[in-house]
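One structure is given here, and the rest of the page talks about it.
Any read-out appearing in this document is the output of simple, stated calculations on the displayed coordinates, not a laboratory observation. Quick caveat: nothing in here was measured; it's all calculated off a predicted structure. Cβ atoms come from the backbone with ideal geometry, glycine included; neighbour counts cover every protein chain shown.
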Amino acid sequence: MYIPKHFAADDAVVQDLLVNHGAANLVTNTADPAWLDALVRRLTGKHEAAFAEQWSVDDAPEAFVAGQLRAIVGVELVISRIEAKAKLSQNRPEADIEGVIASLDARGETESADAVRAAKPSH
């Protein structure tokens, strides 16, 4: 989630410090081409299902699809445990936190704004 710098009270604040984020580190092996092709077709079918005129991978020239598949990294994860931490501007000055909340509310991201409100340190 990106919060524009102009929502910070202090113009010297670096934008990277205003980004609310989570973190994950992944190590993967290159996907097998047949598996990746099947994955792309499955994802395409899922996301095209809502349209009256659905696009299919088969609608594209075979050489184009082959080139695109060489540029895609497919990942399949088997998750055994999740450890998460939310960075919700808790370490920022009060004015910055209020700017982040205002930005989120203005964009209709009320759940995120509420999460930042809940994480505000009590002074």
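List of remarks:
- Spherically averaged projected area of region 30-76 from its Cα convex hull (nm²): 3.4
- Extending 7 Å from the Cα toward the beta-carbon at both L39 and V73 defines two label points whose distance is 1.1 nm.
- Calculated FRET efficiency for the pair Q90/E62, C-beta based, R₀ 41 Å, to 0.05: 0.20
- A cut-off of 5 Å between modelled amide H atoms, ignoring neighbours fewer than 5 places along the same chain, links K87 with H21.
- Least to most buried among V116, V75, V40 (fewest other Cβ within 10 Å first): V75, V40, V116
- Label-point separation in nm, S80 to D105, each point 7 Å along Cα→Cβ: 4.5
- For region 30-76: relative contact order, % (alpha-carbon pairs under 8 angstrom, 6 or more apart): 53
- Going from the residue with the fewest nearby Cβ atoms within 10 Å to the one with the most, I72, I82 rank I82, I72.
- Among L104, L36, L43, the ranking by other beta carbons within 10 Å of each residue's beta carbon, starting with the fewest, stands as L43, L36, L104.
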